Amino acid sequence: MDHEKINRLRDYLEEYNLDALIVRNPENVLYVSGYWPITGWSLAIVNRDGELSLIVPKSELEYVDNSIKDIKVLPGESLVDVWQPYKLIKEKLREIDLGEKPRIGVEMSFETMATNNVVGELNYASLPSFNLFKEVWNAELIDATDILYELRKVKTEKEIEKMKIANEIAAKGLEAGREKLKEDMTEAELASIIEHVIHSEGIGYKGVKRARGFAFVMSGVNGSKAYYPYNISSDKKIKRGETILIELNVYADGYWTDITRTWCIGSPKQMYQDIRDILIAAQEEVYRNFKEGMSAKEVDALARNFIRNTKYAKLFPHRLGHGIGVRIHEPPALHPASVEKMKVNVTHTVEPGMYGKDFGIRYEDVVKDQKKGVEVLTKIDKDL
């Protein structure tokens, strides 16, 4: 169990006058307890004394940290009765004493969530769960969404170690992809090589039980759209001399990394090399000059002001980065309009990019903020 995190949760419950925090969204159960739900029918409850209770399906017990003392088990479905999760959850909730008419923080406003590791179905907290809490304890429910996001921004040492492992697994995939890259390979083929290695070598690496990569390869003209809110690999064949932008999202036991690298088969155009050098230098401006207490827009400006003084300034159309942890995209937003304050142990991306009519070039690292400067968690070279 992550005692550093439990202590922070207890402090927040006291600060906001809450008797308990109850979470059901898999990413928040993972954040609170260190256990990453599989089917999504688990709950984590932390009371004001910092005591943690888990409600877990029997089938998932092997994934729960055995240092957690209060684990309440949901039986599986039998051939006698159809499984009724809310009935079973209610029985387990009644075993937990939160006092009379408690004030309970819940995930009332989460409308974006990390993908479920089962991939295909995502179970999450909504009215049926909230109504259960009201019925069992006659509780007053308080929206704890902003509290959870604020807590999640600053990582504990255990969380940072998990994110480093995710970056190491991602590196294995990228190195395999570069080694096997060849002309006329399709974007989808290169993506599948990267994803295969992450899945096959990531599981078991440093004790990781679940690892998966999602690689998106955009070559040549397809890279011109790589700043869209989504990226897609296609059946386009990769040609010599064009840019090959790889956006890679990887999880290791629920903690994510988000990396971008750009390659070229053969000698790149001088313009591509120049842009690559500018983007990496812009990242270094952030890495050297970051200071605790800066606003997110000031961090964005460190890179943006450097790029603004180059002839390619108009080709950088998006924010510098975003927070990352138990989800790929979470606060803070490193954007020219963001006034969020940066703190030590906030983890986020730094991803300046430039895009023309027939190319896209971006370099993206995950970093951990320090009092001065950052620690770069992404240990993958940036050769073009």
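The values are calculated or read from the model by the stated rules, or taken from the named source; none is laboratory data. Please read all numbers here as calculations on a predicted model, not as lab measurements. Note that we place each Cβ from the backbone using ideal geometry, even for glycine, and neighbour counts take in every protein chain shown.
Residues in segment 181-216 that are without any contact (Cβ under 8 Å) to a residue 40 or more places away in the chain and within 27 Å of Pro229 (Cα to Cα): Glu189, Ser192, Ile193, Glu195, His196, Val197, His199, Phe214, Phe216.
The condition (being more than 20 Å from the chain's Cα centre (by Cα) and in the same structural domain as Gly325 (by TED's automatic domain parsing)) is satisfied by just one residue among Glu195, Glu175, Glu168: Glu175. State yes or no: is Pro26 under 20 Å from Glu159 (Cα atoms) and either under 27 Å from the mean Cα position of the chain (by Cα) or β-branched (Val, Ile, Thr) (or both)? Answer is yes for this residue. Filtering segment 335-365 to residues that are acidic (Asp, Glu) and under 30 Å from Asp383 (Cβ atoms) leaves Glu351, Asp358, Glu364, Asp365.
Counting only strands (runs of 3 or more DSSP E) wholly contained in segment 337-384, the ones carrying 3 or more residues that are farther than 15 Å from Asp277 by Cα and either free of Cβ contacts under 8 Å to residues at least 40 places away in the same chain or under 22 Å from the mean Cα position of the chain (by Cα) (or both) occupy 347-350, 365-369, 374-376. The C-beta contact set for segment 281-296 (first residue within 12 Å of Glu364 (Cα to Cα), second residue part of a helix (DSSP H, G or I), distance under 6 angstrom, 6+ apart or interchain) comprises Ala282/Ala303; Ala282/Phe306; Ala282/Ile307.
Looking across Glu111, Glu175, Glu121, Glu100, one residue alone is at pLDDT 95 or above and either loosely packed, with under 15 Cβ neighbours inside 10 Å or closer than 22 Å to Ile380 by Cα (or both). It is Glu175.
Helices (runs of 4 or more DSSP H) wholly in segment 93-180 with at least 2 residues that are under 30 Å from Ile265 (Cα atoms) and touching a residue at least 12 places away in the same chain (Cβ under 8 Å) - which ones?
Filter on segment 93-180 gives 157-180.
Entry remark, segment 262-301: residues being part of a helix (DSSP H, G or I) and either within 16 Å of Ser224 (Cα to Cα) or among the aliphatic types (A, V, I, L, M) (or both) number 13 in total.
Here the condition is being basic (Lys, Arg), touching a Phe, Trp or Tyr at 6+ places or on another chain (Cβ under 9 Å) and under 30 Å from Glu242 (Cβ atoms); of Arg152, Arg178, it holds for Arg178 alone. With respect to being assigned by TED's automatic domain parsing to the domain that holds Tyr16 and out of contact with any strand residue (DSSP E or B) (no Cβ under 8 Å at 6 or more places or on another chain), Leu132 fits the description. Only one of the listed residues (Tyr251, Tyr205) is over 30 Å from Leu302 (Cβ atoms), at pLDDT 95 or above and surrounded by 14 or more Cβ atoms within 10 Å (Cβ to Cβ). That residue is Tyr205. Check whether at least one residue in segment 246-262 is without any contact (Cβ under 8 Å) to a residue 60 or more places away in the chain and over 25 Å from Phe316 (Cα atoms), and report yes or no. For segment 246-262, residues without any contact (Cβ under 8 Å) to a residue 60 or more places away in the chain and over 25 Å from Phe316 (Cα atoms): absent.
Could you tell me whether segment 200-208 includes any residue that is outside any helix (DSSP H, G or I) and closer than 30 Å to Gly360 by Cβ?
Looking through segment 200-208, none of the residues is outside any helix (DSSP H, G or I) and closer than 30 Å to Gly360 by Cβ.
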